[in-house]
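Computed from the coordinates by the stated procedures, all read-outs in this text should not be read as laboratory data. Because the structure is predicted, anything quoted here is derived from the model rather than measured. Note: ideal-geometry Cβ built from the backbone for every residue, glycine included; neighbour counts use all protein chains shown.
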Ligand code: MLT
């Protein structure tokens, strides 16, 4: 029998607990420790809510650091050619080496680590730095203690929590137990006081830094390497923004003598070539890096990669090779220079308004201080009144409270428009 139109059949709504079928599988207790959703999806959620509230507003996103400019032609042509060749008998290939295409590994070693003693076999090509951060957590397991810069890119801490390396979140100090938070603030020039850091097995260090945009000097990185040597720690050095450096700060941790014995480096084509969607990165695990029992870290990482990964997409890897050709390198540098000009516009805007502004010089992120204010309040203010999305500094850890991060990834007209709105808001 059909339902009568216009007749409302009211049924009492049973609660989810009464009706929902439950499996007998216990929830992973480590997942339950996580405080909230991952930072960037949360920003996207708030942006969507804002857009529903103000459907006519032209919202500008300077929140997540997502590239906006087209991938240079030389690089897309190489990917298109590879994609087409997959449609031919001669050009088809299936699984590649889990560690990546030999030629690409060799080219990465030659382009970024020439004269630093890093070889093709030390390079593991991946689908991006973020994915490798989680694979590294699997490599280290649940028993290690991590140290991170505070503030830091949230994937380090969240993946450590998921892996079971931490205790519960301590609400009063906004930190997870059993993580060493290395405070990086203007007062210490964004470089931690290493003498105050207690023993940590794995030290995550990002330079140029996401989110503060600061870059460690050669002298500071020398101290860091020495600190790792003295304590027997392993550094995971995230150099995803290295090509944004315009002064003589080291672009790789391996520029520091002795680093091969204590450091892994992760990097990515995402922010150089606009590969955030294509997905291609790499991790360097030098053969000199050994565990306490003398076993090479690279051998275990190779085992993890072979088990958890089938290699980066062959099309993306063709793009990676093109990135490293002379034309590709030049095209990437042009894209980076474009974003660096955006950065300058953002830095000048906040500086002219009298804010304390950090970063920006060697990184596509600008770190602005709002003394005494909550980062999320400033986020809401800029979104509500300026229709601009930024990232609240506290999303990167307690050390980011009262700061905001402004990303320089955007079309020029959007950056200029955002700068105009921010000026109107804070003049
Ligand atoms: C960011 O906004 O911090 C980056 O886009 C995150 C990432 O690279 O995954």
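Geometric descriptor of the stretch 165-224, per residue, is 108 Å³ (volume of the convex hull of the Cα atoms). Translational diffusion of the stretch 98-175 was estimated from the Stokes-Einstein equation, with Rh taken as the Kirkwood radius over Cα pairs; at 37 °C and 0.692 mPa s the coefficient is 223 µm²/s. Taking a ≥ b ≥ c as the square roots of the eigenvalues of the Cα gyration tensor, the stretch 146-296 is classed as rounded, since a/c falls below 1.5. Based on C-alpha pairs under 8 angstrom that are at least 6 apart in sequence, the chain has a relative contact order of 22 percent.
Each of 215, 19 was scored by other Cβ atoms within 10 Å of its Cβ. Listed from fewest to most, they are 19, 215.
Just need the relative contact order of the stretch 44-175 here, percent rounded to a whole number, with Cα pairs under 8 Å and 6+ apart.
The value is 13 percent.
Comparing mean-square fluctuations of 281, 65, 117 from a GNM of the chain with C-alpha springs under 10 Å, the top value falls on 117. Under a 10 Å cutoff between Cα atoms, tell me which one of 259, 32, 316 has the largest fluctuation in the Gaussian network model of the chain. Evaluated over the chain, the most mobile residue of the options is 32.
Only counting other Cβ atoms within 10 Å, I'd like 181, 426 sorted with the fewest neighbours first.
On the way: 181 22, 426 17.
Least to most surrounded, the residues fall as 426, 181.
Three semi-axes describe the equivalent ellipsoid of the stretch 316-427; taken as square roots of 5 times the Cα gyration tensor eigenvalues and ordered largest first, they are 30, 16, 12 Å. For the stretch 189-206 versus the stretch 42-93, the spacing of their alpha-carbon centroids is 35 Å. Oblate is the label for the stretch 124-218, because the ratio a/c of its alpha-carbon gyration tensor axes (a ≥ b ≥ c) is 1.5 or higher and a/b is not greater than b/c. Residue exposure proxy: 221, 290, ordered by other Cβ atoms within 10 angstrom of their Cβ from fewest to most, comes out as 290, 221.
Estimated purely from DSSP H runs of n ≥ 4, each contributing -39500 (n - 2.57), the mean residue ellipticity at 222 nm for the chain is -12000 deg cm²/dmol once divided by its residues.
With no solvent and one equal point scatterer placed on each C-alpha of the stretch 275-351, evaluate the Debye formula and give log10 I(q)/I(0) for q = 0.19, 0.22, 0.24, 0.27 Å⁻¹, two decimals. For the stretch 275-351, the Cα-only Debye profile gives -0.92, -1.01, -1.09, -1.20. Remark on the chain: Rg and Dmax equal 23.3, 81 Å (Cα only).
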